[in-house]
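Asker: Just dropping this structure here.
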């Protein structure tokens, strides 16, 4: 059993998660700008360079940075593993991503191979170092922990998504030859979004939803069934992908079951939470769960009208993942500011609720919800896309301002 | 009965969570008189829980494992932070300062949850492992508080 997380250093230095968190809104702003200038009919083409660039600006620049920051902070509490203790390594990971993500995205967007190549390696090495740092401890963790099995699936999936991503990227540049680019890309998308991101979110949810909102616990059968379905679906998907690609719809059906069960169980718990007081992060969770359900509906409509596959992807990544991670940021930042101040012996400090203005967070949530709706509608009314991108830019600036207000409090008191 | 200590103390955590949620509900309904009593009930339950650990569990654990400056010391430090917050929460309820109350209750809840998580995921599991043969006796002593 790992007892190091209960040492006197109770978690990483505050700068470790904050570095990743505070950079994510900047990529959100870049994403909004790129979205503003990219025509909607280009975005509809899934494998177009500009679309792939936009996708990675969001998935790497926003989602991955927030998830890395959250993992550095939450692994000690959730599974008893301390990471982020070596500041030099954390800096290295951060700088490689900070340098590599814009280079990769810009290189892809403008089809400048050398930028894409440098960006690919920079991002890949950053993620590689992160994975090397946490993998051994995560895989050694006691599987009885609620979050451990899916955390392991998530980390294993990130390894696979990384290798596939580098392979596809090199193929795109022309360094190696890939026969089935689209099929491999589809595999990469499923492993990255469902294997890495979804598994991680579910793994964390099983612990933090009951903890933070005082809801009934996920029942033991549910805690066993959800990981079982997710792991089974990923395994089935991989087997069918390589042996019987035409039957991959079976894996999609199983994935749907996993998503529905998770969304239903989570919404049920949030509705039965004992803490009925208004909380912006609960609304973020509801937004996240509703867009997750919408992504499933869109996916199956996609078999009738293929445009809905794109809408499903947007609903899943921007709706479900984007909302949930912003909600988590609004929970984690105020807590960390308070925790680090109070742990240093200061008692005359603001409470968690006073660190970021509640009203400002509600405004930012409404802006983000409006953006999701308008962005989805813009595939039917292309002119709306400019409005959607503008609202996202305002929402992202607002997110950054809200986050900075927390940091200012920390700096002024520490 | 190897899981005895962890089950008993984890249930005690949930009991305290429920009492805090009840107090929050009463304040949100502006029933301040009842809320003050609810905070007192919560405070009593929480203080008892902390004493169960500090007076019974931690000394037994430290004696058995010789880990005196390890996890139990961190938990004791965090208990002091909990005590401080609970005291401030009671004051906010008694002066009917709703905003302050919810700020403190949110702070307390999040802080206590991460604290509980560390105890439940690690410390109690270690206690079950190292104190398994005397767990019934330890739980009986804790129940007396």
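Laboratory data are not the source of any read-out in this text; all were calculated from the coordinates shown. These figures come from a predicted structure and were not determined experimentally. Note: ideal-geometry Cβ built from the backbone for every residue, glycine included; neighbour counts use all protein chains shown.
Asker: Can you compute the radius of gyration and Dmax for the protein assembly as shown, using only the Cα atoms, both in Å?
Answerer: In Å, with Rg to one decimal and Dmax whole: 24.1, 74.
Asker: Roughly speaking, what is the stretch gain from residue A:370 to residue A:136, that is 0.36 nm per residue apart minus the C-alpha to C-alpha distance, in nm to one decimal?
Answerer: On the way: separation 234, 0.36 × 234 = 84.24 nm, distance 4.17 nm.
Between residue A:370 and residue A:136, full extension yields an extra 80.1 nm.
Asker: Could you calculate the FRET efficiency of residue A:217 with residue A:183 from 1/(1 + (r/R0)^6), where r is the beta carbon distance between them and R0 is 41 Å, rounded to 0.05? If you can, show how the numbers build up before the last one.
Answerer: Working: r = 41 Å, r/R0 = 0.99.
E between residue A:217 and residue A:183, to the nearest 0.05, is 0.50.
Asker: Then there's this: Sorting A:44, A:179 on the 10 Å Cβ count, fewest up front, what's the list?
Answerer: Working: A:44 15, A:179 7.
So the ranking, lowest neighbour count to highest, is A:179, A:44.
Asker: Could you work out the mean count of beta carbons from other protein chains within 10 Å of each residue's beta carbon in A:211-217? Don't jump to the answer; show the numbers that get you there.
Answerer: Details: counts 10, 5, 3, 8, 1, 1, 1.
Per residue, the average neighbour count from other chains is 4.
Asker: Something else now. Residue A:309 to residue A:143: FRET efficiency via 1/(1 + (r/R0)^6), r the Cβ-Cβ distance, R0 25 Å, to the nearest 0.05?
Answerer: Working: r = 35 Å, r/R0 = 1.40.
With R0 = 25 Å, the Cβ-Cβ based efficiency is 0.10.
Asker: Can you sort A:309, A:68, A:253 by how many other beta carbons sit within 10 Å, fewest first?
Answerer: Numbers: A:309 16, A:68 26, A:253 12.
The fewest-first ordering by Cβ neighbours comes to A:253, A:309, A:68.
Asker: What order, most packed first, do the peptides B:136-144, A:315-323 have when packing is the mean number of other Cβ atoms within 10 Å of each residue?
Answerer: Working: B:136-144: 14.6, A:315-323: 24.7.
For the peptides B:136-144, A:315-323, the packing ranking is A:315-323, B:136-144.
Asker: Expressed as a whole number of Å, what is the distance separating the alpha-carbon centroids of the stretch A:296-345 and the stretch A:170-190?
Answerer: Cα centroid to Cα centroid, the span is 27 Å.
Asker: Give me the one-decimal nm value for the distance between modelled label points at residue B:143 and residue A:405, 7 Å along each residue's Cα-to-Cβ direction.
Answerer: Label at residue B:143, label at residue A:405, 5.0 nm between them.
Asker: A follow-up question, please. Using a 10 Å cut-off around each Cβ of peptide B:98-104, what is the average number of partner chain Cβ atoms that fall inside?
Answerer: Details: counts 0, 4, 3, 2, 8, 9, 4.
That average works out to 4.
Asker: Once you have the Kirkwood Rh of the stretch A:1-142 from its Cα pairs, apply Stokes-Einstein at 37 °C and 0.692 mPa s and quote D in µm²/s. All intermediate terms of the calculation are to be shown ahead of the outcome.
Answerer: Details: Rh = 16.1 Å.
After rounding, the answer is 204 µm²/s.
Asker: Under 18 Å from the 7 Å Cα→Cβ point of residue B:63, by amide nitrogen: which residues of the stretch B:126-140?
Answerer: Residues B:127-140 qualify, since their backbone N sits under 18 Å from the label point.
Asker: Taking a ≥ b ≥ c as the square roots of the eigenvalues of the Cα gyration tensor of the stretch A:76-180, is the shape rounded (a/c under 1.5), prolate (a/b larger than b/c) or oblate? Walk me through the intermediate numbers first.
Answerer: Details: a/c = 3.41, a/b = 1.79, b/c = 1.91.
Oblate shape, in that a/c is at least 1.5 and b/c is the bigger or equal ratio.
Asker: Now for a different question. Hey, rough spin-label estimate for residue A:224 and residue A:257, points 7 angstrom out along Cα→Cβ, what's it come to in nanometres?
Answerer: If labels sit at residue A:224 and residue A:257, their model points lie 1.6 nm apart.
Asker: Please compute, for peptide A:349-361, the average count of beta-carbon atoms on other protein chains lying within 10 Å of each residue's beta-carbon.
Answerer: Numbers: counts 1, 2, 14, 10, 9, 6, 2, 0, 0, 3, 0, 0, 0.
Whole-number average of other-chain Cβ neighbours for A:349-361 is 4.
Asker: For the residues A:240, A:399, what sequence is obtained by ranking on other C-beta atoms within 10 Å, fewest first? Mind dumping the intermediate values first?
Answerer: Numbers: A:240 17, A:399 23.
Least to most surrounded, the residues fall as A:240, A:399.
Asker: Using only DSSP helix segments of four residues or longer, with each worth -39500 (n - 2.57), what per-residue ellipticity at 222 nm results for chain B after dividing by its residue count and rounding to 500?
Answerer: On the way: 7 runs with 115 residues, N = 145.
Value at 222 nm, helices only: -26500 deg cm²/dmol.
Asker: Assign one of three labels to the stretch B:82-145, namely rounded, prolate or oblate, based on the Cα gyration tensor with a ≥ b ≥ c the square roots of its eigenvalues; rounded applies when a/c is under 1.5, prolate when it is not and a/b is larger than b/c, and oblate otherwise.
Answerer: oblate
Asker: For the stretch A:311-414, what does the alpha-carbon gyration tensor say about shape, rounded, prolate or oblate, given a ≥ b ≥ c as the root eigenvalues, a/c under 1.5 as rounded, and a/b over b/c as prolate? Can you show the working numbers first?
Answerer: Values: a/c = 3.97, a/b = 2.67, b/c = 1.48.
Prolate, because a/c is 1.5 or more and a/b exceeds b/c.
Asker: With N denoting the number of residues in the stretch B:13-145, provide Rg(C-alpha) divided by 2.2 N^0.38 Å, to two decimal places.
Answerer: On the way: Rg = 16.2 Å, N = 133, 2.2 N^0.38 = 14.1 Å.
That works out to 1.15 for the stretch B:13-145.
Asker: Taking the Cβ-Cβ separation of residue B:30 and residue A:300 as r and a Förster radius of 60 Å, what is the calculated FRET efficiency to the nearest 0.05? If you can, show how the numbers build up before the last one.
Answerer: Values: r = 47 Å, r/R0 = 0.78.
Once the sixth-power term is evaluated, E becomes 0.80.
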